[in-house]
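The values are calculated or read from the model by the stated rules, or taken from the named source; none is laboratory data. Only a predicted model underlies this, so the values are computations on that prediction, with no experimental measurement involved. As a convention, Cβ positions derive from the backbone with ideal geometry for all residues, glycine included, and neighbour counts pool all protein chains shown. Quick note on the areas: whole protein, heavy atoms, side chains included, nothing else; ligands and nucleic acids left out. Shrake-Rupley method; radii C 1.70, N 1.55, O 1.52, S 1.80 Å.
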Amino acid sequence: MDALDRKILTELQLDGRLTITELAARVQLSVSPCHRRLRDLEREGAIRGYQAVIDPAAVGLNFEALVFVTLRWEAPDTVAAFESAVADIPHVLQAQRLFGEPDYLLRVAAADLVAFQQLYDQQLARLPGVQRLTSTLVMKNVIDTRPLPA
């Protein structure tokens, strides 16, 4: 990956809806070579996909929490069972496995405190291998969708 590829990635992170013509102009390249580079970046996995960034409040998800999960390590498949089950919960927006304790950090969106409490009690607390859940409420997202540095 060279500097031109990085410039293409930076422009797409700022506006993923650019046409190939607009992208080529921004990176000062003709359309065909820009298109070739874009397809190579997609094929190589540098670009994992394209999606719209939705305002959670616009779809009724006004409540966000970070949930820290500590697992019981009773069986060799504890991690796989937990990760598979957490992947099936649509309100879990991100799930990250951590070094040390806790074992996981989940970013969860819900309509309100009552909806979060129901999600917590009925789904999160019942995930395979869960020993302890600790949560904190998000007051404000200061940096939410920052592009990766070049």
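Quick notes on this structure:
- Failed criterion for Phe99 (all others in (1) in contact with a strand residue (DSSP E or B) (Cβ under 9 Å, 6 or more places away or on another chain); (2) open to solvent by 40 Å² or more (accessible area, probe 1.4 Å) hold): (1)
- Just one of the numbered conditions (1) in a loop (DSSP other than H, G, I, E, B); (2) open to solvent by less than 40 Å² (accessible area, probe 1.4 Å); (3) not hydroxyl-bearing (Ser, Thr, Tyr) is not true of Ile8: (1).
- For the range 119-144, the candidate set comprises residues that are open to solvent by 90 Å² or more (accessible area, probe 1.4 Å) and not basic (Lys, Arg); within that set, the residue that is farthest from Leu14 (Cα to Cα) is Gln131.
- Test: residue in the range 45-55 that is farther than 30 Å from Ala110 by Cβ and part of a helix (DSSP H, G or I): no
- Yes/no for Pro33 being open to solvent by less than 60 Å² (accessible area, probe 1.4 Å) and either at positive phi or without any contact (Cβ under 8 Å) to a residue 12 or more places away in the chain (or both): yes
- When Val142, Val108, Val138 are checked against the criterion of being within 28 Å of Arg48 (Cα to Cα) and either touching a Lys or Arg at 6+ places or on another chain (Cβ under 9 Å) or hydroxyl-bearing (Ser, Thr, Tyr) (or both), a single residue qualifies: Val138.
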